[in-house]
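Below: the structure, in structure tokens.
The values are calculated or read from the model by the stated rules, or taken from the named source; none is laboratory data. What you are looking at is a predicted structure, and each value in this text was computed from that prediction instead of being measured. Here the Cβ positions follow ideal geometry from the backbone for every residue, glycine too, while neighbour counts run over all protein chains shown. Surface accessibility is based on the protein's heavy atoms, side chains included, excluding ligands, DNA and RNA. Shrake-Rupley method; radii C 1.70, N 1.55, O 1.52, S 1.80 Å.
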Amino acid sequence: MTPKTFKIKSFGCQMNVYDGERMAELLGQQGMSAAAESDDADLVVLNTCHIREKAAEKAYSDVGRLKREDGSKPLVALAGCVAQAEGAEAQRRSSLIDIVVGPQAYHRLPEMVREASRGGRPVDTDMPAISKFDALPARRRASPSAFLTVQEGCDKFCTYCVVPYTRGAEISRPWDDIVEEAQALVDAGAREIVLLGQNVNAWAHDGRHLADLIRALAEMDDLARIRYTTSHPADMTDELIAAHGEVEKLMPYLHLPVQSGSNRILKAMNRSHTAESYLRTLEKMRAVRPDIALSGDFIVGFPGETEEDFEATLQIVDEVRYASAYSFKYSARPGTPAAVMEDQIPREALDERLYRLQERINAHQLAFNRSKVGADTQILIERKGKHAGQMVGRSPWLQSVHVDTSARPGDILDVTLVAAGPNSMTGAIRRKEAA
């Protein structure tokens, strides 16, 4: 029997969130409706992430929990990067999995669901050059802040990373397709668009680059804000940096992963930048946009990392003074060069270094938030808060701001930031003075 309801559970990065939204649109186009919980769904899609060690084991555990007390189960689709890495092996490991579909093939999901409903067990982990976007439905609904994938894959081959193997080589969507989807999102209610890519600032098409795309999208009347993530230091061009100082709608926020402050470790990671070149890039950014909020990624305990290497990471955190950052213990990914390197770091050392790093990051994040107290700015309302009459919006610097208001999602409010916590701000509505 063809499923009538579905539940999509996305794990991991923002690109997985985007892919989950697009799969939901595909299934909705087939007349299916979204269920609130997996227990209520005829079809459950697990849109998986492979960024951590034991990702596959976690995915199989998630699959096992879909079996119900009465012995029944929904139709189960394993999607995303674990599906790409496991392929047909996934169904040999778990008889509960009916469909295996990789991140470049999910446009075939409705067809695969029909096949599985007839008793088939379809698998598709092909990686065609971006053809899936041509098969996706038009965007008809959008949240106030909407994701838009413009680039996929990676050619950098960092020694710890599985992305080149699960998402493929770097490919850029065509200019016209992106602009068309962006306009559809704006028409559907988006006030902010977040451009996505594994290396989003590597986007290029017909001689045009990300800075050109940003400038074109900024011409859309009802689009108020533009962001992009995730960037690679090697692709941070002077033209893109200049756009931050010249395009008003481009928000003062940059997520630029460095991973380590040690040049020795950066070389072992096959990162193409040094700590010094990374800092020079941020100096250029602050020169054109002094109020920029900087964010980064860090891996602690990469194979061979000494205490001196780790201290270099703490030093770069102190020098940059990140407004926010993501930090992780090194996690071996099967098939990557780093997984078989010598001098793997003991788990106790990983835990201790991560704790020290996060303490330092959190201190700088709180200091950044406190520096914005008293600032007059605007927030984009996104959702209801925990308390009656409270809404939550985003500042230009991507902070969550709680404010008492009757405004609705999508509204942009003038506020004064009046209090700061480690993870959010409090705002007060700024009343316009009488003429």
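Brief remarks follow.
- Antiparallel DSSP beta bridges within the chain, as percent of all bridges there, nearest 5: 35
- Note on ILE171: accessible area approximately 40 square angstrom, rounded to 10, probe 1.4 Å, nucleic acids and ligands left out.
- Gyration tensor (alpha-carbon) shape descriptor, the chain, a/c threshold 1.5: oblate
- Here the calculated FRET efficiency for ASP70 and ILE412, from their Cβ-Cβ distance with R0 = 41 Å, stands at 0.25, rounded to the nearest 0.05.
- Of VAL300, GLN390, LEU366, farthest towards positive along the dipole that unit charges on Lys, Arg, Asp, Glu beta carbons give the range 277-435: GLN390
- Whole-Hz ³J(HN,Hα) from phi, Karplus 6.51 cos²θ - 1.76 cosθ + 1.60, for the range 2-16, glycine and proline x: 5, x, 10, 10, 9, 9, 10, 10, 9, 10, x, 6, 5, 5, 5
- Area accessible to solvent at ARG264, 1.4 Å probe radius, in Å²: 130
- Taking 0.36 nm per residue of sequence separation and removing the Cα-Cα distance, the GLU239/ARG141 pair yields an extension gain of 32.0 nm.
- For the range 36-101, GluC sites (Glu not before Pro) meeting the loop criterion (DSSP other than H, G, I, E, B) and having at most 12 other Cβ atoms within 10 Å: GLU37, GLU69.
- Extended-chain gain in nm, criterion 0.36 nm per residue less alpha-carbon gap, GLU246 and VAL17: 79.5 nm
- Förster radius 45 Å - calculated FRET efficiency between GLU308 and LYS386 (Cβ-Cβ, nearest 0.05): 0.50
- Label-point separation, ARG370 to SER117 (7 Å along Cα→Cβ), nm: 5.9
- Label-reachable residues, the range 71-114, where backbone N falls under 18 Å from a point 7 Å from ASP39's Cα toward its Cβ: 71-75
- Each DSSP beta bridge with both residues in the range 76-228 is either parallel or antiparallel, and the antiparallel ones are about 20%.
- Look at where the Cα atoms of the range 139-210 and of the range 280-295 average out, and the two centres are 23 Å apart.
- One chain, two ends: ALA169 and ASP291. Fully extended at 0.36 nm per residue, the span grows by 40.5 nm beyond their Cα-Cα distance.
- For the chain, the 222 nm mean residue ellipticity estimated from helices alone, with every DSSP H stretch of n ≥ 4 adding -39500 (n - 2.57) and the total spread over all residues, rounds to -10000 deg cm²/dmol.
- Solvent-accessible heavy-atom area per residue, rounded to whole Å², over the chain at 1.4 Å: 45
- Across the protein chains, with a 1.4 Å probe defining accessible surface, the residues THR426, THR313 rank THR426, THR313 from largest area downward.
- Most fluctuating residue given options ALA169, ALA388, ALA363, as computed from a GNM of the chain linking Cα atoms under 10 Å: ALA388
- Each label point was placed 7 Å from the Cα along the Cα-to-Cβ direction; for LYS9 and ASP206 their separation is 4.3 nm.
- Of the listed residues SER406, SER324, the order by accessible area with a 1.4 Å probe, largest first, is SER406, SER324.
- The share of accessible area on the chain that comes from carbon and sulfur is 48 percent, using a 1.4 angstrom probe.
- Annotation: for a label point projected 7 angstrom from Cα along Cα→Cβ of GLU57, residues of the range 343-370 with backbone N closer than 15 Å are 347.
- FRET efficiency for THR274 and MET1, using Cβ-Cβ distance with R0 set to 51 Å, rounded to 0.05: 0.30
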